[in-house]
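Peer 1: A single structure is presented below for examination.
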Amino acid sequence: MSTAATGNTRALAILRDVFGYPAFRGAQAEIIDHIGQGGDALVLMPTGGGKSLCYQIPALLRPGCAIVVSPLIALMQDQVDALTQLGVKAACLNSTLDWREAQAIEQQMFAGQIDLVYIAPERLLVDRTLSMIDALYEAGKLALFAIDEAHCVSQWGHDFRPEYLQLSTLHERYPNVPRIALTATADKATQNEMLARLGLTAARVFLSSFDRPNIRYTVVEKDNAKKQLLGFLTGRKGQAGIVYCLSRKKVEETAEWLSAQGYPALPYHAGLPAPTRAANQRRFLREEGLIMCATIAFGMGIDKPDVRFVAHLDLPKSIEAYYQETGRAGRDGEPAEAWMAYGMQDVALQHARIAESGAGEGQKILESQRLTALLSYCEAPRCRRQVLLNYFAEEREPCGNCDVCIEPPELWDGTQAAQKALSAIFRTGMRFGVTHLTDVLRGKATDKIKQWNHDQLPTFGVGGELDDHGWKSVFRQLAAAGLVHVDMAEHGALQLTDAAREVLKGQRSVQLRRTAKRKSTSSSSKSSSTVAHSPLSSADEALFQLLRGWRSDTAKEQAVPAYVILHDKTLRELAEVRPTSHGMLAGITGMGSAKIEHYGEELLNLIRHEG
């Protein structure tokens, strides 16, 4: 048998015995084989796609200790706890340990008593740590380097960490040790940046599909955002979720308001004291049914599998950021929701962020293009999943699991309306926002309109065919089409782009979408048959809830998150199959040998009792 075949057999045995999964998914087997044989790799795989196994199994296959570089000190212990539950020898080296604890872990690494060590990049790069790794390398006890959240190397990316720029030293210092860099999201520019900055130019790139079929995407025009959010949350009490807001103030206000409405919520942003942030994050991970209201400071590396929804009350900065944030929902593969409310003010704020950044002109252009791509996603009259995946160079058929597929918008020839709107922008000097321009078009002689003599313009009152709501939609779609630019320096003033000339001259037609009336506020809560699991019978549901209660108690006793014990998916399968022996338990997804040894008898007793 060849070395590769032997490696594949051993890898599959580890997958089944340690992790409790029957088979590899997608490119996992190929990646594991490549790293296991000493190759370098860049792995782009969606959240919930099984990235961790791509370095955890090679770490168990190769001699020595694997070093996992992770920026998430607050989450390392949970990752270690999850591996320990599986019988894997893992530890973390970070600032939460005193020197005696750190020294003990280092000694265990040399003694071959630890398979994986999680370490922050800033800790890895200090001389003392590098000297220790030098000694491991010389002794042949260094299995591999895994660089998690590798997009952090992108200087203008979503989660930039300056320490990541120095990680290319790993290749220079330890040329014979395989490296695997992993991320859930990166457009082509970020992919190239990761390869260059991490010194992975000779690495194999494994690019999985970015599709998350279990997530339903919905975008609504922002009207009364709180009321809209409350409508979306109807029927979702007891579910874990994340609500993203742009400002710290809005985060705190939203968390307080949601709690008052009966949806327990916690705030999270960079301005909170570190102990408060850590405590709120711990509660979100370990308690069930909590909502985290957060800025983008929250979420990277969050391994909570049962987040049922991610809601955006403000527009993210790019499709890449949106994909990454929404990807925190439904990591367990069960149905989940990505819901967003957005309006023109969001567009203005994001344009202002780009204009005020210290980036070079080329980078500002790239950021503006990414924002425009997100606006196009919001306003597109076709399947949202198609638009989202097209951005990552994937082709897909309409998904049937987004708001556009479920309730397709009506299209209409908006060329004349576009010409009126663009003319109003031009004739008012490109110094006014949507509300003022709408008043001009609809012939509202307000004090401000009279003050500027805009009631004397040829465009005054020419837009009576649409109401305020309709004109706001037109202006949003013109911005998404790149015909209009929102200038925050002029307080959200709309300005014409060069592309607008063709429309004004009648050389280009404009198709606009007329948003379909929603059947009900929470219509999107009905899960699509393409992703929903079959409902449990009443008896199986009772057992499932009993198992969840047991899991919650067990997690509290061990001071670990509930999902570290067992995932909902595993509990659901236990409730349906009702195994009666340890052998049958081994056939349940997620039941590896260590978990059967730890919990098998308790689970069998619970199932017998309920049966």
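Where a number appears in this text, it was derived from the coordinates with a stated rule and is not lab data. Only a predicted model underlies this, so the values are computations on that prediction, with no experimental measurement involved. Counting neighbours? That spans all protein chains shown, and the Cβs are built from the backbone with ideal geometry, glycine included.
Peer 1: Any chance you could tell me what percent of the C-alpha pair distances in the stretch 351-416 go past 13 Å?
Peer 2: Of the Cα pairs, 70 percent sit more than 13 Å apart.
Peer 1: Separate question: Output the Cα-based Rg and Dmax of the stretch 3-207 in Å, rounding Rg to one decimal and Dmax to a whole number.
Peer 2: Answer for the stretch 3-207, Rg first and Dmax second: 15.9, 44 Å.
Peer 1: In what sequence do Glu356, Glu541, Glu288 fall when counting other Cβ within 10 Å, fewest first?
Peer 2: Going from least to most buried by this count: Glu356, Glu541, Glu288.
Peer 1: Evaluate the Kirkwood expression for the hydrodynamic radius of the stretch 29-91, namely the inverse of the mean inverse distance over all pairs of different C-alpha atoms, and round to one decimal in Å.
Peer 2: 12.7
Peer 1: Would you mind calculating the gained length between Gln103 and Asp498 on full extension (0.36 nm times residue separation, minus the Cα-Cα distance), in nm to one decimal?
Peer 2: Residue separation times 0.36 nm, minus the Cα-Cα distance, leaves 135.9 nm.
Peer 1: Report ³J(HN,Hα) in whole Hz for each residue of the stretch 54-65, in order, from the Karplus equation J = 6.51 cos²θ - 1.76 cosθ + 1.60 where θ = phi - 60°; Gly and Pro get x.
Peer 2: 5, 10, 5, 5, x, 4, 7, 7, 8, x, x, 9
Peer 1: Another one. Considering amide H positions built from the backbone, and no H for Pro or chain starts, which residues 5 or more places from Tyr118, or on another chain, come under 5 Å of its amide H?
Peer 2: Placed amide hydrogens put Val68, Ala91, Cys92, Leu93 under 5 Å from Tyr118.
Peer 1: For Met340, what residues show an amide H to amide H distance below 5 Å, using hydrogens built from the backbone and excluding near sequence neighbours?
Peer 2: Placed amide hydrogens put Thr218, Val219, Val220, His312 under 5 Å from Met340.
Peer 1: Along the principal axes of its C-alpha atoms, what lengths does the stretch 215-406 span, in descending order and rounded to whole Å?
Peer 2: 41, 40, 31
Peer 1: Output the Kirkwood hydrodynamic radius of the chain, Cα pairs only, in Å rounded to one decimal.
Peer 2: By the Kirkwood definition, the hydrodynamic radius is 26.4 Å.
Peer 1: Enumerate the residues in the stretch 408-436 having an amide nitrogen under 14 Å from the point lying 7 Å beyond the Cα of Asp468 toward its Cβ.
Peer 2: Inside the label zone: 434-436.
Peer 1: Label Ser509 and Lys556 with points 7 Å out from Cα along Cα→Cβ: what is the distance between them in nm?
Peer 2: Rounded to a tenth, the inter-label distance reads 6.5 nm.
Peer 1: Rounded to whole Hz and in sequence order, give me ³J(HN,Hα) for the stretch 87-104 from the Karplus expression 6.51 cos²θ - 1.76 cosθ + 1.60, θ = phi - 60°, writing x for Gly and Pro.
Peer 2: Residue by residue, the stretch 87-104 yields x, 8, 7, 9, 7, 10, 10, 8, 6, 7, 9, 7, 5, 5, 5, 5, 5, 5 Hz.
Peer 1: For Leu142, which sequence-distant residues (separation of 5 or more, or a different chain) have an amide H within less than 5 Å of its own amide H, given hydrogens modelled in the peptide plane?
Peer 2: Cys65
Peer 1: If I take R0 = 30 Å and measure r between the Cβ atoms of Ala278 and Glu253 in this structure, what FRET efficiency does the formula 1/(1 + (r/R0)^6) give, to the nearest 0.05?
Peer 2: That pair, Ala278 with Glu253, gives E of 0.85.
Peer 1: Ok, one more. Gain in length, Gln456 to Lys237, computed as 0.36 nm per residue apart minus the alpha-carbon separation, to one decimal in nm?
Peer 2: Contour length minus the Cα-Cα distance gives 73.5 nm.
Peer 1: Could you check the simple spin-label distance between Arg353 and Arg431, using points 7 Å along Cα→Cβ, in nm with one decimal?
Peer 2: Roughly 3.0 nm, to one decimal.
Peer 1: What's log10 of I(q)/I(0) for the stretch 538-610 at q = 0.14, 0.15, 0.18, 0.24 Å⁻¹, Debye sum over Cα points only, no solvent?
Peer 2: Debye output, listed in q order: -0.36, -0.42, -0.62, -1.15.
Peer 1: So for the pair Thr9, Glu138, with labels modelled 7 Å out along Cα→Cβ, what separation do we get in nm?
Peer 2: The modelled label-to-label distance comes out at 3.8 nm.
Peer 1: What share of the DSSP beta bridges in the chain is antiparallel, in percent to the nearest 5?
Peer 2: Rounded to the nearest five, the antiparallel share is 15 percent.
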